[in-house]
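Shown next, in structure tokens, is the structure this report addresses.
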Amino acid sequence: MSFERSVSPVSASVIICAYTQERLKDIHEAVQAVLDQTLRAHQVLVAVDHNRALSEILRAELPAHVEIVLNEGARGLSETRNTGIRASTGSVV
């Protein structure tokens, strides 16, 4: 008796949370680290907490395929991460 197992490919969405321009270099390094991975992410999101200026800078400086989502209002890290999760399309976050 033979059992065949069908495995569907995993599509991973990676969320990087950000809130201040003071950490801009760190954000760039985090995004680059994700892009340098052997297993390519289905989606890379940078979720920005209540900082429209930072989101505009990131849109201008990061590759076009990196998505920037803005958490309106000062809601904190947890809600910013949840904003990224709601915007994700991968099967794994």
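A few comments on the model shown:
- Tally of residues being surrounded by 12 or more Cβ atoms within 10 Å (Cβ to Cβ) and either touching a helix residue (DSSP H, G or I) at 6+ places or on another chain (Cβ under 6 Å) or among the charged types (D, E, K, R) (or both) across region 42-61: 10
- Residue 71 touching a helix residue (DSSP H, G or I) at 6+ places or on another chain (Cβ under 6 Å), surrounded by 11 or more Cβ atoms within 10 Å (Cβ to Cβ) and either at positive phi or not basic (Lys, Arg) (or both): yes
- Odd one out for residue 92 among (1) surrounded by 12 or more Cβ atoms within 10 Å (Cβ to Cβ); (2) under 23 Å from residue 10 (Cα atoms); (3) in contact with a strand residue (DSSP E or B) (Cβ under 7 Å, 6 or more places away or on another chain): (1)
- Number of residues in region 20-61 that are part of a helix (DSSP H, G or I) and without any contact (Cβ under 8 Å) to a residue 40 or more places away in the chain equals 24.
- Selected residue (criterion: farthest from residue 26 (Cα to Cα)) from residues of region 80-89 that are open to solvent by 50 Å² or more (accessible area, probe 1.4 Å) and either small (Gly, Ala, Ser) or not in a loop (DSSP other than H, G, I, E, B) (or both): 86
- Within region 9-19, the only residue that satisfies the criterion of being open to solvent by less than 90 Å² (accessible area, probe 1.4 Å) and either outside any strand (DSSP E or B) or farther than 29 Å from residue 74 by Cα (or both) is 11.
The values are calculated or read from the model by the stated rules, or taken from the named source; none is laboratory data. Given the structure is predicted, the values throughout are model-derived calculations rather than measurements. Ideal geometry is used to build each Cβ from the backbone, glycine not excepted, and the neighbour counts take in all protein chains shown. All accessible areas refer to the heavy atoms of the entire protein, side chains included, with ligands and DNA or RNA removed. Shrake-Rupley method; radii C 1.70, N 1.55, O 1.52, S 1.80 Å.
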